Amino acid sequence: MNKIKIDIVSDLVCPWCYIGQKRLNDALAQSDYEAEISWKPFQLHPELEKEGMEKNAFLFKKFGQQGANMFDQIKSVADSESLAMNPEKITNIPNTVDVHRLMWFAKKQHKDLKLANSLFEAYFTAGKDFSNPETLLDLAEACGLSRMETEAFLASEEGRTEVLAEEKMYREAGIQAVPTFIINDKYMIQGAQTPAVFLDAFKQLVLENQDQTFQCTGDNC
């Protein structure tokens, strides 16, 4: 099986990132490629305080009256992908710096892929509040990380500079929306595209010796 490298620029409270990950996995299952996946930080709401903001108040402030139905519309897409999404259980929109720091910490112990899946499911299925440190500790421990070491890490500032610097790098590179998938440092797909779009990108890997970038033009780009 051929190996490819995929960087996923994402926020773990982004519903389209949740859907996009599922579609990527579906495409990989239909391909001859085995992916080395690396999650990269991006904050959808960096302006939020550490404790986050009540969901309905946030949606109204950011999107007005349309915000009330936003999650319902996305849920229908998730349902079509057989992804469990229960927006009524979500009560808080968090600041995700500590979530990205936790992913940074987990990557050092090769637990980041498992943690990413757990974070998505905890937030979108169970409505867990990521502004609560105990929630992050529970998820970390369930993924095989030491609860004591994780607690000490989250109480520190370790990883903050690295996470924010990496996010800044992607923003300066022109990424303003997530998910963004970067394949072999060459092909870029933005948005929760269908498996067919990913499969088309995989086909273009045979052109790796040519200096070109794959750009999608779908609705979620």
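Considering region 195-221, and only residues there that are part of a loop (DSSP other than H, G, I, E, B) and in contact with a helix residue (DSSP H, G or I) (Cβ under 6 Å, 6 or more places away or on another chain), the residue that is modelled with the highest pLDDT turns out to be 216. Taken together, the criteria place residue 135 among residues that are surrounded by fewer than 19 Cβ atoms within 10 Å (Cβ to Cβ), of a type in the set (Ser, Thr, Tyr), in a helix (DSSP H, G or I) and over 16 Å from the mean Cα position of the chain (by Cα). For region 171-194, filtered to residues that are modelled with pLDDT under 95 and polar (S, T, N, Q), the residue that is farthest from residue 19 (Cα to Cα) is 184.
Picking from residues in region 11-51 that are aliphatic (A, V, I, L, M), in contact (Cβ under 8 Å) with a residue 40 or more places away in the chain and in contact with a strand residue (DSSP E or B) (Cβ under 6 Å, 6 or more places away or on another chain), the one that is farthest from residue 181 (Cα to Cα) is 28.
So for region 17-33 (the condition being under 16 Å from residue 124 (Cα atoms), in a helix (DSSP H, G or I), among the aromatic types (Phe, Trp, Tyr) and within 10 Å of the chain's Cα centre (by Cα)), does at least one residue qualify? Looking through region 17-33, at least one residue is under 16 Å from residue 124 (Cα atoms), in a helix (DSSP H, G or I), among the aromatic types (Phe, Trp, Tyr) and within 10 Å of the chain's Cα centre (by Cα).
Does region 187-202 contain any residue that is free of Cβ contacts under 8 Å to residues at least 60 places away in the same chain and of a type in the set (Asp, Glu)? Yes: one or more hits. Taken together, the criteria exclude residue 48 from residues that are at pLDDT below 95 and crowded, with 18+ Cβ neighbours inside 10 Å. If you check 162, 167 for being closer than 13 Å to residue 105 by Cα and either touching a residue at least 12 places away in the same chain (Cβ under 8 Å) or assigned to a loop (DSSP other than H, G, I, E, B) (or both), only one passes: 162.
One line per residue, one yes/no per condition, for (1) assigned to a loop (DSSP other than H, G, I, E, B); (2) charged (D, E, K, R); (3) surrounded by 12 or more Cβ atoms within 10 Å (Cβ to Cβ); (4) modelled with pLDDT of 95 or more:
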position: 37; (1), (2), (3), (4): no, no, yes, yes
position: 43; (1), (2), (3), (4): yes, no, yes, yes
position: 56; (1), (2), (3), (4): no, no, yes, no
position: 68; (1), (2), (3), (4): no, no, yes, no
position: 71; (1), (2), (3), (4): no, no, yes, no
position: 95; (1), (2), (3), (4): yes, no, yes, yes
position: 101; (1), (2), (3), (4): no, yes, yes, yes
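Does region 141-173 hold any residues that are over 14 Å from residue 100 (Cβ atoms) and acidic (Asp, Glu), and which are they? Result: 141, 149, 151, 172.
If you scan region 80-92, which residues turn out to be more than 19 Å from residue 20 (Cβ to Cβ) and surrounded by 16 or more Cβ atoms within 10 Å (Cβ to Cβ)? Matches in region 80-92: 92 only.
The values are calculated or read from the model by the stated rules, or taken from the named source; none is laboratory data. Keep in mind the model is a prediction, meaning the values are calculated, not measured. Glycine gets a Cβ as well: all are built from the backbone with ideal geometry, and neighbour counts include every protein chain shown.
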